[in-house]
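The values are calculated or read from the model by the stated rules, or taken from the named source; none is laboratory data. Since this is a predicted model, take the numbers as computed values, not measurements. Cβ placement follows ideal geometry from the backbone for every residue including glycine, while neighbour counts extend to all protein chains displayed. Ligands, DNA and RNA are excluded from the accessible area calculation, which covers all protein heavy atoms including side chains. Shrake-Rupley method; radii C 1.70, N 1.55, O 1.52, S 1.80 Å.
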Amino acid sequence: MKKRISDSIRRVDAFDKAGGITKYISDMDFEDLQYGRLVRALRSHARIKSIKSPKLPDGYYFITKDDIPTGGKNEIQQISNDWPVFVKDEVLFYGETVGMLVGPDRQKILDLEDAISIEYEELEEAFSIDEGLALKSGKIYGEDNCYGDYHLNKGDVKKGFAEAVTVFEEEINTGYQEHVYMEPQGLVGYYENGKYVIIASSQCPFYIKKAISPVLNTDQDNIVIKQATTGGAFGGKEHFPDIIAAPLAVAVDVIRKPIQVVFDRKEDLSFTAKRHPSRGIFRTGLDAKGNIVAMDVDVTINAGAYMSCSNIVLQRAIFSINSVYDIANVHVHGRSVATNAFPSDAFRGFGAPQGLFLAEMHMSHIARNLGISPVEYKRRYFMKKGDTTITNGIMHDEVKLEEMLEKVYAAGSIEEKLAEYTPGSGRGIGISFYQHGAGFTGNGEQEIIKAKLKMLKHGDGNVEILLSNVEMGQGLQTTFPKIAAQVLEIPIEMISCDNPDTSKVPNSGPTVASRSLMVVGKLVERASRELKERWDEDEEVEVLVNYIHPEGCEWDQATLQGDAYPTYGWGVCAIEVEVDPATAEVETKGIWTAHDVGVAIDEMIVHGQVNGGVIQALGYGSLEKLDYKDGKFQQNTLADYIIPTSMDFPMMSSQLIENPYENGPFGAKGLGELVFDGGASAFADAVEYAIGKKVYKIPVTPEYIMEVKNRD
Amino acid sequence: MTEIAFVLNNKKISVEAEGATRLLDILREDLGLTAVKEGCGEGECGACSVLKDGLLVNSCMVPIGTVAGCSIETLEGLRNSDEGRCIIDAFADSGAVQCGFCTPGMVMASIALLRVNAHPTIDEIKVGLSGNLCRCTGYDMIIKGVQLASERGEGIW
């Protein structure tokens, strides 16, 4: 009998990784390798008056904007091109790249770095969302410092407020979060056979190629990006490698030797992009029975000094601001605000964790004000198939939240515990509900990416899958071949899916947005079916497939109206905590989850994602305090930026609900981000229950709990 | 520079180095032992874990000068041993490996634990792995991997 696709197999990369055989970027050998180190402007807003470099010893270089090849641009081509390779004249954030020191000895480079002096004319700085909006440091972007400024309207919010008996207002905030991929950022560049080659620990090889082509003033065909096995990324290697690749490419153009840039941990924590901090100001109208009749939300995110992907993060944040609930009358105002902070960027969830945290806490707070259990109150508003989404699209999914909630309750004996623990007793249970639009927001897939994928059958019967999505821990080098093996009915050992090299693979798009398995995996399934039909056609058979957009999924990018996502993953997370009455330290006693990921392509891999995502979210909600002061991240070692260890949380219960999605391979939906979306609010909700007071921000640290407990 | 003699993976070797040079750099750069990873360089993450006279240490915190006369074991020396094979297989079968960057250190920590406690409880495993950070797995499957290795590896530690 054919095995179920969901039955777990051993990951193809596990053995070599566990044995330390797999080579990461810093493990690779190159002849005559040089080392590069970014030289940074250590001001948040200033004009550079002069840069003085000492006389460099032979073989050492200080690469600056003057080294950009003729006709090349001092701008990195991302979604926007505002982020320069090297500071133009005005420094806009602390740590912006001024140049790159390159040479054969790393210690010598550090000594030379100390000898470079930069003279500045200091300018006014704006760090917070409010300072950015008030143009405290002038116009960083446009006329109003808003990279994006959107309004969403569902129903009739005015009419809704007219029916309101009470209006409940509150502000909720989320903080920065650092990715802490265990392998820091790293790239190697060299020049070979007339081509610029960059080997990168990255999520999106084709993004790098596009980013540096205008800098080098060369055709993209002259640039080759090879992905190195990537030691974790979580969004932190989506766009940020572009920022390193651009000056590296300029250095390679000048020096023509292999150059390695690998950040040390302190540099990585201090000078890479983080998750956007966010603020939600809610004004919600309730009728006499406590029903929501209107909701008006103002959402702002701190985007920092350059645009990067902030507008798309903002879109996902505002599209998530009603969580899993169908609220009849809603207005949302969303803005991504330019400040002199380090540019914020992609991080697992991409705005959804912020929007969902704000939404879940607000709904819990309304319920608690009304004296109703948050779960009972939230259930009234569960989105159902056919309901209208916040962008006036249609919920095409069968929504199985009730079934999931039941499973979580049974696994955690939640009913009994809730009956036993009283609010304020020091023990509490928090429950969050969440959804994640799987795949790109809006028109990204059909209008921008247009994914292509190739499969080859060789003479010996072995099959090669050629695509640009990367293995970064989430298991794609196992799940893609597994899909093909299931269709082709051949052993998975006969199918390879190597780290992409842009000179060899078609562009199947970036490894982002929980799209890879669902969208590209579908292409693998389709290509495999075609290959199976044509198997005997010839010794070698090549199949090329293109993305097909699902029918009935319409979107208007100009108005942000329609089906923002083709489908959604769903989750329920329950957390039990005990808060120490003296120290306010929180012990997490239990974690129970249920997720609808369509169909699991491999249950063990899915449970691994659930476990890792939930724990990372619990770090976000409880431990990972990242302060930003005077333009600098205040925590820049792993001794003071605290991520979860094996001791911090109990082992968890993870259940899956099957709910096949017709446009995903074997019914699979995206899940890598979904599993991050509920941990923080469930934790905060549990703490609220335990201490009998409301919390308004994450991380919920013992210090913050003390503050809340002392509040009237 | 001084000559420092020690035992590396059961073979006597000597290196010429400044005494303050990190053991991590000697292993990775001079000796090419890249199973030893640098995750933080500050003794927090455990990716560079090795055994020094049988004890788990972060090689980024060990000056080579203090290694003279000691025995150092790295994953290169253990991955083909009964112990190494048992843990690597158990990790692979338990889903303990995702991005893999922390995994060599986790394997070393597991060997160090099982050598002194062949049948650890979950809490003892958690303590044994507490000096090694992982950002992908949430730890459950690594803990299960150690349990599985403990079950399978009767008498090998």
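Criterion first (assigned by TED's automatic domain parsing to the domain that holds A:Ala668 and open to solvent by less than 10 Å² (accessible area, probe 1.4 Å)) does A:Gly444 satisfy it?
Criteria not met by A:Gly444.
Which pairs turn up if I take residues in the range B:10-38 that are within 12 Å of chain A (Cβ to nearest Cβ) and over 18 Å from B:Gly105 (Cα atoms) and look for partners that are modelled with pLDDT under 95 and in a loop (DSSP other than H, G, I, E, B) with beta carbon separation below 7 Å, at least 6 apart in sequence or on another chain?
B:Glu18/B:Met1
Would you tally the residues in the range A:684-702 being open to solvent by less than 20 Å² (accessible area, probe 1.4 Å) and assigned to a helix (DSSP H, G or I)?
Final tally of qualifying residues: 6.
Which residues, taken from the range A:244-278, are in a helix (DSSP H, G or I) and open to solvent by less than 10 Å² (accessible area, probe 1.4 Å)?
Within the range A:244-278, A:Ile244, A:Ala245, A:Ala246, A:Pro247, A:Leu248, A:Ala249, A:Val250, A:Ala251, A:Val252, A:Arg265, A:Asp268, A:Leu269 meet the criteria.
Quick one: which residue in A:Leu110, A:Leu152 is exposed (fewer than 14 other Cβ atoms within 10 Å of the Cβ), modelled with pLDDT of 95 or more and either within 30 Å of A:Ala558 (Cα to Cα) or hydrophobic (A, V, I, L, M, F, W, C) (or both)?
A:Leu110
Just to be sure, is B:Leu51 aliphatic (A, V, I, L, M), closer than 24 Å to A:Asp105 by Cα and either surrounded by fewer than 24 Cβ atoms within 10 Å (Cβ to Cβ) or more than 8 Å from chain A (Cβ to nearest Cβ) (or both)?
When the stated conditions are applied, B:Leu51 does not pass them.
Provide a single number: the residues in the range B:117-143 that are in contact with a Phe, Trp or Tyr (Cβ under 9 Å, 6 or more places away or on another chain), more than 7 Å from every other protein chain (Cβ to nearest Cβ) and touching a residue at least 40 places away in the same chain (Cβ under 8 Å).
Result for the range B:117-143: 1.
Test A:Ser53 against the stated conditions and say whether it is within 13 Å of chain B (Cβ to nearest Cβ), at negative phi and either surrounded by fewer than 21 Cβ atoms within 10 Å (Cβ to Cβ) or of a type in the set (Ser, Thr, Tyr) (or both).
Taking the combined requirement at face value, the residue does not satisfy it.
Right, B:Gly69: of a type in the set (Gly, Ala, Ser), open to solvent by 10 Å² or more (accessible area, probe 1.4 Å) and in a helix (DSSP H, G or I) or not?
Criteria not met by B:Gly69.
Could you grab me the full set of residues in the range A:1-47 that are more than 21 Å from A:Met472 (Cα to Cα), aliphatic (A, V, I, L, M) and crowded, with 18+ Cβ neighbours inside 10 Å?
A:Ile5, A:Leu38, A:Val39, A:Ala41, A:Ala46, listed by residue number.
Any residue in the range A:448-455 that is within 21 Å of A:Gln609 (Cα to Cα) and either outside any strand (DSSP E or B) or within 14 Å of chain B (Cβ to nearest Cβ) (or both)?
No, there is no match, as no residue in the range A:448-455 is within 21 Å of A:Gln609 (Cα to Cα) and either outside any strand (DSSP E or B) or within 14 Å of chain B (Cβ to nearest Cβ) (or both).
I'd like to verify a number: residues in the range B:93-112 that are hydrophobic (A, V, I, L, M, F, W, C), in contact (Cβ under 8 Å) with a residue 40 or more places away in the chain and in a helix (DSSP H, G or I), how many?
Residues in the range B:93-112 being hydrophobic (A, V, I, L, M, F, W, C), in contact (Cβ under 8 Å) with a residue 40 or more places away in the chain and in a helix (DSSP H, G or I): 5 in total.
Being among the hydroxyl-bearing types (Ser, Thr, Tyr) and within 9 Å of another protein chain (Cβ to nearest Cβ) is the filter; apply it to the range A:642-657 and report the residue that is farthest from A:Ser622 (Cα to Cα).
In this case the residue turns out to be A:Ser654.
If you go through the range A:123-133 one residue at a time, do you hit one that is within 14 Å of chain B (Cβ to nearest Cβ) and open to solvent by less than 10 Å² (accessible area, probe 1.4 Å)?
no
Can you name every residue in the range A:51-103 that is in contact with a Gly (Cβ under 7 Å, 6 or more places away or on another chain) and in a loop (DSSP other than H, G, I, E, B)?
Within the range A:51-103, A:Gly59, A:Tyr60, A:Thr64, A:Phe86, A:Phe93, A:Tyr94 meet the criteria.
Can you go through A:Asp16, A:Asp67, A:Asp32 and tell me which one is more than 21 Å from A:Asp253 (Cα to Cα) and of a type in the set (Asp, Glu)?
Among A:Asp16, A:Asp67, A:Asp32, only A:Asp16 is more than 21 Å from A:Asp253 (Cα to Cα) and of a type in the set (Asp, Glu).
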